[in-house]
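Have a look at the structure below, then the notes.
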Amino acid sequence: MGGLFIENSDEGGIARRLWMKFKDESIFATYTPFVIGLASGTLDSHTFLHCISQDVYFLQAYSQAYELAEEYADDDEDKEAIDMLRKRVLRKLSDHDNIVRDWGFELPKDGTCDGATVKYTDFLMATALGKVEGEKFSGKIVTPFEKTKLAAYTLSAIAPCMRLYSFVSKEIKAIFDPEEDKRNAYEKWIDSLSSDKFEAVASTIEDLLDKLSVSLTGGELEIVEKLYFQALKLELEFLSAQPIIQSSLVPVSQVQVPAKSNLKVFCDFDMTCSAFDSSALLAEMAIMTARKAYLNECETQASQVITPDLSAAWGSLSSKYIEEYEQCIDSIIPAEAVGNFDYEGLCKALENLSDIEKRANAMVVDSGVLKGLSEDDIRRAGEHLIFQRGCKNFFQEITRNEDLIAGVHVLSYCWSGDLIRSAFSSGDSGVLSVHSNELIYEGSITTGEIIQKMESPMDKLETFNGILNCHGNASKPLTVYIGGSVGDLLCLLKADIGIVIGMSARLRTLGEQFGITFVPLFSGLVKKQRELSESGCCPWNGMSGILYTVSSWAEIHAAILGSYKTGDN
């Protein structure tokens, strides 16, 4: 978790930097069954009442923590601000039942504190009392610096919880449709958390944390970071632990499906999983290999090397491919939108890409750019390949999960299946199937030729269909396809759930002209949750013309797997 206080120094105070660093936790909270049910209005009232009944225990802990923090604060202005926060908590405590009635609900008389609540409140009180891992206070806390430090620690255990509820409620509020006939039963509660008043409280706590942290050392700031992260995790655990009575659409992998059904996840690789294009990586490796070989052979200096011609050849091939590809995409985009979703028309249009991809690969082979790479170098490059944030963690978890019957397939135009397999195998990510082109070797050295298996959207679709057809008479699996390029469109649409990440402007324009609708995944799940509640049947089905957009792999992970483990690259 290091590096926070060196990086992002221009992004505001410590509270904002910590929130941005651990934003994935807030995304996971948004995709919990509780929040999806809340946003859709389908959440069982007993679950909602259980959740808000826990407010009393949270508020009691906040009151005690604020009282201690006020005592610790050395500055009169800080003391006054903390006192105001404590008084607000006390007012909410005394009027809690009336507030809940204003929301349209009546709390049960026999509410009890649940395990997830205890974990957070115990953590908060331990922090406020100075029982902080990595910190040693000498007897009674008396020095002004010790007190200021402990006040900062206490607020770092409160700030993320308030910010999380503000964030989640605003995410929900943003997708409310004012034209809907049926009003969300929980709208007043959501309004209270997304209000300017609540935002002002969350900001006050963050401002205090910023101010109290100014004098802390690097090691003490690391403790602030750990406390902040722990508080956020415990709040996420609290939301995840809420007892869900009704059927939930999330996580997708746990949706109740007929016996013997399973989940199949398909994914593109370049720029969907990887942070860099594999074609450029392999070409650069080959150019460097040729340059080293030439130097060794000629025993001369780099300034006299002639091999940059190979680099120029690759640059020319790359530029030509990009130019032809973009011209082709522009040419197949209809001048006017077709209206209704037209899958067949899109298929015919994308057939034009096939010739470009095949011609580009043939030119790469003829150029000899890929000649001379060793199998070991390719595998090492794969093992050190940089992934999109959160991607590798997703695949590691889905392939390790023994309770989940899942097939994982990577469909890619990449020239080297070995590169992809090595990239996923590092870190013990489990077994998955790779469907791509392959480099040809003589011994363990590439000849420069390619076994051309995956060169067009049609090739991807054929592979996708072939994998599904292997099931025969068995129950059809639930299919998820994850991609971000035009070449993925046909598979994205054919899958039950097509998720677009890193979408280009051309992909959106092309899709919309053929009647495809792009919907943010969160709002799409909320709508599908309503459908599930109304029909009682799983609402996912392919060929609907709807694709779901995400901004990060955290959204994909949260929606499909639900659980979250830290430590990803």
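The values are calculated or read from the model by the stated rules, or taken from the named source; none is laboratory data. Because the structure is predicted, anything quoted here is derived from the model rather than measured. Reconstructed Cβ throughout: ideal geometry from the backbone, glycine too, with neighbour counts over all protein chains shown.
Can you find a residue in region 450-465 that is under 20 Å from residue 541 (Cα atoms) and of a type in the set (A, V, I, L, M, F, W, C)? Looking for residues that are under 20 Å from residue 541 (Cα atoms) and of a type in the set (A, V, I, L, M, F, W, C), one finds at least one in region 450-465, hence yes.
Say whether the condition of being crowded, with 20+ Cβ neighbours inside 10 Å, of a type in the set (Gly, Ala, Ser) and over 23 Å from the mean Cα position of the chain (by Cα) is met by at least one residue in region 154-177. Yes, region 154-177 contains a residue that is crowded, with 20+ Cβ neighbours inside 10 Å, of a type in the set (Gly, Ala, Ser) and over 23 Å from the mean Cα position of the chain (by Cα). Only a single criterion out of (1) under 17 Å from residue 148 (Cβ atoms); (2) in contact (Cβ under 8 Å) with a residue 12 or more places away in the chain; (3) hydrophobic (A, V, I, L, M, F, W, C) is not satisfied by residue 189, namely (1). The condition of being assigned by TED's automatic domain parsing to the domain that holds residue 180, small (Gly, Ala, Ser) and surrounded by fewer than 23 Cβ atoms within 10 Å (Cβ to Cβ) holds for only one of 61, 73, that being 61.
Put simply, of 489, 432, 439, 493 the only residue that is in contact with a Ser or Thr (Cβ under 7 Å, 6 or more places away or on another chain) and modelled with pLDDT of 95 or more is 439.
Against the numbered list (1) touching a residue at least 40 places away in the same chain (Cβ under 8 Å); (2) out of contact with any Cys (no Cβ under 6 Å at 6 or more places or on another chain); (3) surrounded by 17 or more Cβ atoms within 10 Å (Cβ to Cβ); (4) part of a helix (DSSP H, G or I), residue 49 comes up short only at (3). Residue 510 meets all of the listed conditions (1) within 16 Å of residue 464 (Cβ to Cβ); (2) among the aliphatic types (A, V, I, L, M); (3) surrounded by fewer than 22 Cβ atoms within 10 Å (Cβ to Cβ) but one, namely (1). Look through 505, 495 and report the one residue that is more than 25 Å from residue 182 (Cβ to Cβ) and touching a strand residue (DSSP E or B) at 6+ places or on another chain (Cβ under 9 Å). The unique qualifying residue is 495. With respect to residue 35, is the statement that it is surrounded by 14 or more Cβ atoms within 10 Å (Cβ to Cβ), β-branched (Val, Ile, Thr) and free of Cβ contacts under 8 Å to residues at least 60 places away in the same chain true? No, not satisfied. Screening the candidates 236, 263 for the property of being under 21 Å from the mean Cα position of the chain (by Cα), farther than 30 Å from residue 471 by Cβ and crowded, with 17+ Cβ neighbours inside 10 Å yields one hit, 236. Taken together, 367, 416, 412 contain a single residue that is under 21 Å from residue 441 (Cβ atoms) and modelled with pLDDT under 95, which is 367. Screening residue 504 against (1) touching a residue at least 40 places away in the same chain (Cβ under 8 Å); (2) surrounded by fewer than 23 Cβ atoms within 10 Å (Cβ to Cβ) leaves a single unmet condition, (1). Applying the criterion of being exposed (fewer than 15 other Cβ atoms within 10 Å of the Cβ) and basic (Lys, Arg) to the residues of region 76-100, the residue that is nearest to residue 213 (Cα to Cα) is 87. So for region 509-521 (the condition being under 15 Å from the mean Cα position of the chain (by Cα), at pLDDT 95 or above and either over 30 Å from residue 384 (Cβ atoms) or not acidic (Asp, Glu) (or both)), does at least one residue qualify? For region 509-521, residues under 15 Å from the mean Cα position of the chain (by Cα), at pLDDT 95 or above and either over 30 Å from residue 384 (Cβ atoms) or not acidic (Asp, Glu) (or both): present. Restricting attention to region 335-384 and to residues that are of a type in the set (A, V, I, L, M, F, W, C) and in contact with a Cys (Cβ under 9 Å, 6 or more places away or on another chain), the residue that is farthest from residue 490 (Cα to Cα) turns out to be 356. Evaluating residue 424 against the criteria (1) in a strand (DSSP E or B); (2) under 29 Å from the mean Cα position of the chain (by Cα) leaves one unmet condition, (1).
Might you let me know whether region 131-144 holds any residue that is over 19 Å from residue 69 (Cα atoms) and hydroxyl-bearing (Ser, Thr, Tyr)?
Within region 131-144, not a single residue is over 19 Å from residue 69 (Cα atoms) and hydroxyl-bearing (Ser, Thr, Tyr).
Every condition in (1) within 19 Å of the chain's Cα centre (by Cα); (2) buried (at least 17 other Cβ atoms within 10 Å of the Cβ); (3) more than 27 Å from residue 66 (Cβ to Cβ); (4) not hydroxyl-bearing (Ser, Thr, Tyr) holds for residue 287 except the one numbered (1).
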